[in-house]
1. Considering only residues of the stretch 1-24 that are within 20 Å of Pro99 (Cα to Cα), touching a helix residue (DSSP H, G or I) at 6+ places or on another chain (Cβ under 8 Å) and aliphatic (A, V, I, L, M), which is modelled with the lowest pLDDT?
2. Would it be correct to say that His163 is surrounded by 18 or more Cβ atoms within 10 Å (Cβ to Cβ), out of contact with any helix residue (DSSP H, G or I) (no Cβ under 6 Å at 6 or more places or on another chain) and under 18 Å from Arg66 (Cβ atoms)?
3. Restrict the check to the stretch 298-316 and report whether at least one residue is of a type outside the set (Phe, Trp, Tyr), over 30 Å from Glu194 (Cα atoms) and assigned by TED's automatic domain parsing to the domain that holds Ala139.
4. Quick test of your reading of the structure: Gly384 fulfils all but one of (1) on the phi < 0 side of the Ramachandran plot; (2) modelled with pLDDT under 80. Name the failing condition by number.
5. Is it the case that the stretch 166-179 has a residue that's out of contact with any helix residue (DSSP H, G or I) (no Cβ under 7 Å at 6 or more places or on another chain) and at positive phi?
6. Looking only at residues in the stretch 225-242 that are assigned to a helix (DSSP H, G or I) and free of Cβ contacts under 8 Å to residues at least 24 places away in the same chain, which one is surrounded by the most Cβ atoms within 10 Å (Cβ to Cβ)?
7. How many residues does the stretch 181-200 contain that are touching a helix residue (DSSP H, G or I) at 6+ places or on another chain (Cβ under 9 Å) and either assigned to a helix (DSSP H, G or I) or surrounded by fewer than 16 Cβ atoms within 10 Å (Cβ to Cβ) (or both)?
8. So which residues in the stretch 163-180 are part of a helix (DSSP H, G or I) and of a type in the set (S, T, N, Q), if there are any at all?
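The values are calculated or read from the model by the stated rules, or taken from the named source; none is laboratory data. The structure presented is a predicted model; accordingly, all values stated were derived computationally and were not measured. Ideal geometry is used to build each Cβ from the backbone, glycine not excepted, and the neighbour counts take in all protein chains shown.
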Amino acid sequence: MKLLIVGMLEGHMATAGDIALKRGAKVISASDVPRALGVLRMDGDVDVVMADVRTDVPALISAMEREHIAAPVIACGIDATDAAGAVAAIQAGAREYIPLPPDVELIAAVFEAIVEDNSAYIYEDAKMHDLVAQADQIAGSSASVLILGESGTGKEVLARYLHQQSNRNGQSFIAVNCAAIPENLLESELFGHEKGAFTGATARRIGKFEAAHGGTLLLDEISEMDKHLQAKLLRAVQEREIDRVGSNAPVKVDVRLLATSNRELLEEVEAGNFRQDLYYRLNVVALTIPPLRDRLSDIPKLADYFAKRYAEDNGVDYRPFSREARDKLMSYSWPGNVRELENTVHRSVLLSQGQYLDAGSILLDPKQFRQPEVAVEEKIANAGSSLVGRTVDDVERELILNTLDQYTGNRTQAAKILGISIRTLRNKLKKYTEEGLTDGLSIGGE
């Protein structure tokens, strides 16, 4: 972990720096906000900023947001004399407030919480076990990885996991959201620029590729990148060198590249929105995270994790979910995936009263609740209840097609309910299709 201390390194702030050093952090310092911003622009792998509230912490946070510098800010101050500054820092977006003189265990706990937030990967479902096993298998390589999945499934979390499991885990992990940065700024963000390269470029700035040298660079939502910039990225991937904006001197970089997308990139290639050569450079290995609705056993584990985390963050006792609340979570389709679940649990922690997180505090879109599994099975059991005069093949066909229809074409789920192998189901469906008996029915995929 690399820590930037903002403020005069005297007294308590110096002690805080010493504590961080003893805990294994790399510590750099800046005496004021302008110098801190200069450090952040030149050194893109700062993990945490610890700022004295006697400096202008709100201005620092505002400038970091404008320049898309993503590092949590911790405000520090003496309670009795710095109360106003502490309040202003928290209101501006400081992640935590640490009173001075610093407490060793408190600083250690804050650092550990930040590291945990950046690297925790919570799962239970068998599909996720298979995915993580595949990630473990390729983590140690230098191959580019394309991480696919719906919005909110945890693509960046998986990217951080890959970095932590790699031989680069002692180096920087830097993430750039290609969708959040305006097109005219993204080139400078990635490759840096020289002083005077364009209006407003008052000093040289190191880009994310150079900042991630020796480590891992994540390009989040890469499908949003302009095609002109895709060409420059392709060169960086192929040649392992970049050109700062306004410079003709190439800079060698050693970066393990990860990329994410919630779109089907091959379709974007076919539509002419994404370069085919870049797609194949990035897609050495592809990992696809299933949506939360397809890994139901992850919901209780994730919900409990978020309940404990937000109880601690909000200074309240951890409370388990009531049975009704848990059932409500399990019956929802989670179109926003893990991100929606996290926000829902956070809200529940704040709204619930009593010894449990209750169902009334689980506020969700009523249109997004799934039909209960029991009701589905009953419907299947009741399908075609009048059997007299019908052949066994006819009844079997109706049962199979009704089951498949109830599970929206999901063959794996249908085969499980029917008690047959997926291969048997596949052969039956092939026969029905050849006989023209599946018209109007989605028979889906595995």
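1. Here is the first cut: in the stretch 1-24, the residues within 20 Å of Pro99 (Cα to Cα) are 3-23.
After this cut, where a residue has to be touching a helix residue (DSSP H, G or I) at 6+ places or on another chain (Cβ under 8 Å) as well, the list is 3-7, 9, 16, 19-20, 23.
Those left that are additionally aliphatic (A, V, I, L, M): 3-6, 9, 16, 19-20.
On the way: Leu3: 84, Leu4: 87, Ile5: 88, Val6: 90, Leu9: 62, Ala16: 75, Ile19: 75, Ala20: 73.
Per the stated criteria, the residue is Leu9.
2. Working: surrounded by 18 or more Cβ atoms within 10 Å (Cβ to Cβ): yes; out of contact with any helix residue (DSSP H, G or I) (no Cβ under 6 Å at 6 or more places or on another chain): yes; under 18 Å from Arg66 (Cβ atoms): no.
So His163 does not fit the description; no.
3. Initial filter on the stretch 298-316 (of a type outside the set (Phe, Trp, Tyr)): 298-304, 307-309, 311-316.
Next, from what is left, pick out any that are over 30 Å from Glu194 (Cα atoms): 298-304, 307-309, 311-316.
With assigned by TED's automatic domain parsing to the domain that holds Ala139 added as a condition, the list becomes none.
No.
4. Failed condition: (1).
5. Kept after step one, since they are out of contact with any helix residue (DSSP H, G or I) (no Cβ under 7 Å at 6 or more places or on another chain), are these residues of the stretch 166-179: 167-168, 170-171, 177.
Narrowing the set further to residues that are at positive phi leaves none.
So far as the stretch 166-179 goes, no, none of its residues is out of contact with any helix residue (DSSP H, G or I) (no Cβ under 7 Å at 6 or more places or on another chain) and at positive phi.
6. Just the residues of the stretch 225-242 that are assigned to a helix (DSSP H, G or I), to begin with: 227-239.
With free of Cβ contacts under 8 Å to residues at least 24 places away in the same chain added as a condition, the list becomes 228, 235, 239.
Values: His228: 10, Arg235: 14, Glu239: 11.
Restricting to residues being assigned to a helix (DSSP H, G or I) and free of Cβ contacts under 8 Å to residues at least 24 places away in the same chain, the top hit is Arg235.
7. Taking the stretch 181-200 as the starting set, the residues that turn out to be touching a helix residue (DSSP H, G or I) at 6+ places or on another chain (Cβ under 9 Å) are 181, 183, 186-187, 189-193, 197-198.
Still in the list and also either assigned to a helix (DSSP H, G or I) or surrounded by fewer than 16 Cβ atoms within 10 Å (Cβ to Cβ) (or both): 183, 186-187, 189-191, 198.
Count: 7.
8. Taking the stretch 163-180 as the starting set, the residues that turn out to be part of a helix (DSSP H, G or I) are 163-165.
Gln164, Gln165, listed by residue number.
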